[in-house]
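Visitor: Below: one structure in structure tokens.
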Amino acid sequence: MLTMKYKIGQIVFFKGNGFFSKLIKTYNFINYGETGFSHTGIITKVERDRVIVSEALSNGFINTRKDGSPNYYYKTWLDMKKRKCEIDIKTPIFKLINVEKNTNKYIGIPYGFLDILGILISLVFKFRFISLTGAKRLICSEAVARILYDSSNKKINFQEEFNKCYDLISPMDIYKSKFVQ
């Protein structure tokens, strides 16, 4: 099997099964009519057999694991998961610059558990303006949205596209965006 061509700045979308993933999938179903993707990260380094993905997990926004090793995914594993439709990878339509530098600004920021609550409140009450934590705490899609905005010279603007603050941007918003293909 041929390995997909991976590039810095590509967005990796995951289908999770945990508690927060189920909440996000419910949100997706209500807004998009499909359960879709519940997690996202951004490729920040491409090596021969693997890629490093920066992503917001329960321990914060990371590009290295707790033991200090890179947060890598083997290309063969990603290819297999893509064939099984458990992940997808999309590329921004605009050229990105300084992705690693823009990503590093967010490394170590704690996870935005309250932002998940904000997404649910916005769903129930149809608010689009709730910003609970701003850039002081990040969920996965918020981090990716901020990095793409910074790296595209402000051309990729999900806040403007979806008329909601960064805290409320979901993985499916990015997946469905006109800014990625």
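Visitor: Does region 142-157 contain at least one residue that is free of Cβ contacts under 8 Å to residues at least 40 places away in the same chain and either out of contact with any Phe, Trp or Tyr (no Cβ under 8 Å at 6 or more places or on another chain) or of a type in the set (Asp, Glu) (or both)?
Guide: Taking every residue of region 142-157 in turn, at least one turns out to be free of Cβ contacts under 8 Å to residues at least 40 places away in the same chain and either out of contact with any Phe, Trp or Tyr (no Cβ under 8 Å at 6 or more places or on another chain) or of a type in the set (Asp, Glu) (or both).
Visitor: Please go through region 42-55 and pick out each residue that is touching a Lys or Arg at 6+ places or on another chain (Cβ under 8 Å) and either part of a helix (DSSP H, G or I) or under 18 Å from Val144 (Cβ atoms) (or both).
Guide: Ile43, Val46, Val51, Ile52
Visitor: Considering only residues of region 25-55 that are under 18 Å from the mean Cα position of the chain (by Cα) and aliphatic (A, V, I, L, M), which is surrounded by the most Cβ atoms within 10 Å (Cβ to Cβ)?
Guide: The qualifying residue surrounded by the most Cβ atoms within 10 Å (Cβ to Cβ) is Ile42.
Visitor: Looking at region 51-64, is at least one residue in contact with a strand residue (DSSP E or B) (Cβ under 8 Å, 6 or more places away or on another chain), more than 24 Å from Lys136 (Cα to Cα) and of a type in the set (Gly, Ala, Ser)?
Guide: no
Visitor: Among the residues of region 62-98 satisfying the criterion of being assigned to a loop (DSSP other than H, G, I, E, B), among the charged types (D, E, K, R) and over 16 Å from the mean Cα position of the chain (by Cα), which is farthest from Ser21 (Cα to Cα)?
Guide: Ranking the candidates gives Lys95 first.
Visitor: Moving to a separate point now. I'd like the full set of residues that are in contact with a strand residue (DSSP E or B) (Cβ under 7 Å, 6 or more places away or on another chain) and either part of a helix (DSSP H, G or I) or modelled with pLDDT under 95 (or both), limited to region 16-37.
Guide: Selection gives Gly16, Ser21.
Visitor: Can you find even one residue in region 10-24 that is surrounded by fewer than 17 Cβ atoms within 10 Å (Cβ to Cβ) and touching a Leu at 6+ places or on another chain (Cβ under 7 Å)?
Guide: Yes, because at least one residue in region 10-24 is surrounded by fewer than 17 Cβ atoms within 10 Å (Cβ to Cβ) and touching a Leu at 6+ places or on another chain (Cβ under 7 Å).
Visitor: Related question: Out of (1) loosely packed, with under 14 Cβ neighbours inside 10 Å; (2) more than 21 Å from Ala145 (Cα to Cα); (3) not charged (D, E, K, R), what's the single condition that is false for Ser58?
Guide: (2)
So that you can scan it fast, the table gives a plain yes or no per residue for (1) in contact (Cβ under 8 Å) with a residue 24 or more places away in the chain; (2) out of contact with any Pro (no Cβ under 7 Å at 6 or more places or on another chain); (3) more than 17 Å from Lys176 (Cβ to Cβ):
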| site | (1), (2), (3) |
| --- | --- |
| Ser21 | no, yes, yes |
| Gly36 | yes, yes, no |
| His39 | yes, no, no |
| Val46 | yes, yes, yes |
| Val53 | yes, yes, yes |
| Arg65 | no, yes, yes |
| Pro70 | yes, yes, yes |
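Visitor: Another question about this same structure. Would region 136-155 turn up any residue that is part of a helix (DSSP H, G or I), more than 13 Å from the chain's Cα centre (by Cα) and buried (at least 19 other Cβ atoms within 10 Å of the Cβ)?
Guide: Within region 136-155, one or more residues are part of a helix (DSSP H, G or I), more than 13 Å from the chain's Cα centre (by Cα) and buried (at least 19 other Cβ atoms within 10 Å of the Cβ).
Visitor: What are the residue pairs meeting all of these: first residue in region 108-123, first residue closer than 16 Å to Phe29 by Cβ, second residue outside any helix (DSSP H, G or I) and not aliphatic (A, V, I, L, M), Cβ atoms under 9 Å, and 6 or more apart or on different chains?
Guide: Ile119/Ser170; Ser122/Arg128; Ser122/Phe129; Ser122/Lys164
The values are calculated or read from the model by the stated rules, or taken from the named source; none is laboratory data. What you are looking at is a predicted structure, and each value in this text was computed from that prediction instead of being measured. Every residue, glycine as well, gets a Cβ built from its backbone with ideal geometry; the counts of neighbours run over all protein chains shown.
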